[in-house]
């Protein structure tokens with residue numbers, strides 16, 4: 001693909017994620033917030049597809065969009081009453097949030113403008129390179145430097161704790 005098409009896709013995915021993120025935190029309904037989170041995670045899978053990481057895009061959709069969001073929805077249904085909405089906070093919390101957002105945007109803009117990312121000689125940006133599945137598997141299940149077996153296992157324990165917590169909450173009712 002041409003660099004212009006890549007830039008348009010990148011901007012569209014970025015704007016969609018930004019709008020959905022604001023909608024996820026601005027809505028009063030927890031279920032709508034979880035739905036916006038699902039769409040944000042699908043946009044993240046779109047970024048992975050954009051970078052030709054097909055395996056990571058499939059994992060993103062199946063594990064996060066498929067599993068974690070469903071777990072959130074079950075937790076919302078188990079812990080909230082019908083027609084319950086989120087509580088509005090005072091102005092000071094919104095000011096702290098806005099300061100955090102602006103500092104994050106400033107830091108990201110500084111990093112992006114300091115370096116040249118968009119039109120570098122990176123072959124993956126042109127869509128010609130794909131990482132072999134064996135290399136991805138070794139990176140995910142290896143125990144060496146830059147390998148991710150420990151975070152993978154910590155994530156599985158975290159999901160197990162969420163499931164057990166949901167069962168305990170459901171059993172109390």
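The calculated FRET efficiency for residue 91 paired with residue 28, based on their beta-carbon distance and R0 = 25 Å, is about 0.90.
Each principal axis of the range 131-173 carries a Cα extent, and these read 48, 18, 9 Å when sorted largest first.
If R0 is 45 Å, the Cβ-Cβ spacing of residue 171 and residue 16 corresponds to a FRET efficiency of close to 0.70. Taking 0.36 nm per residue of separation and subtracting the current Cα-Cα distance, fully stretching the chain between residue 158 and residue 114 would add 12.2 nm. A crude spin-label estimate for the pair residue 99 and residue 134, with each label 7 Å from Cα along the Cβ direction, gives 5.4 nm. Compute the label zone of residue 143 within the range 152-167: residues whose backbone N is under 16 Å from the point 7 Å along Cα-to-Cβ. Counting backbone N atoms under 16 Å from the label point, the list is 152-154. The tail of the calculated P(r) for the range 1-82, taken as Cα-Cα distances beyond 22 Å, holds 33 percent of the pairs.
We did not get these values from a lab; they are worked out from the coordinates using the rules stated. Bear in mind that the values here come from a model prediction, so they are computed numbers and not experimental data. Don't worry about glycine lacking a Cβ; one is built from the backbone with ideal geometry, like all the others, and counts go over all protein chains shown.
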